[in-house]
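These notes are about the structure you will find just below.
Derivation of every value follows stated rules applied to the coordinates shown; laboratory data play no part. All values reported here derive from a predicted model rather than from experimental measurement. Neighbour counts are summed over all protein chains in view; Cβ atoms, including those assigned to glycine, are modelled from backbone coordinates with ideal geometry.
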């Protein structure tokens, strides 16, 4: 299983597990099921023969309708990843996500580059497939099957063979697909021991996510072990920046320890 370590601008190291080819393949299959389901319902509910009759065999008008029908499928990956913060329906179900190589959310330009260059990874050979199919050649079934398989294999070979499991679109857009699944138990990452009588100090910790708390705890353990006070100060500064908390603790270690306990208190009692 490939991992990637990213150093943030706050000099905090974040470890990501890169999504493997199996996860991405399953997400790809789910997304294609969604697309085929859309086509099925469109074909089932629209009377295309009636459309042709109404437009009196106007070729260009019929083609325009075809284009409109296929637009949601054509741009499916692009608008899904933009609206769902780096995920399609398939990626959401498989708990994988597109992020920038620097650990940030990709820009719309990044998503667009990644989507457009699917033509190199997957769709180029699909276009050849459509062209050969339109020729109605005799005994072309095997050729069509070969072209289709080559088109899909190219993208997946790049995912398997590149260092960061990137297809061509990912490389050009500086994006990677990471897994959101934790290989360790929740109790090993962010759970703190708190008593029933515990009284929290900082309600604003609820602005943090589970992943934020895990990163804080991992970093806190590391800097405490090596007495890295410089990174400790940066970690405290980042927590205050994100949560807008006004610390009542002058000791950085005490402050961060309370932050972790408070986070556990509120997430367990909400």
Report summary line: With Rh as the Kirkwood radius over Cα pairs, the stretch 186-268 has Rg/Rh of 0.93
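Sort 230, 214 so that the residue with the fewest other Cβ atoms within 10 Å of its own Cβ comes first and the one with the most comes last.
Numbers: 230 10, 214 19.
So the ranking, lowest neighbour count to highest, is 230, 214.
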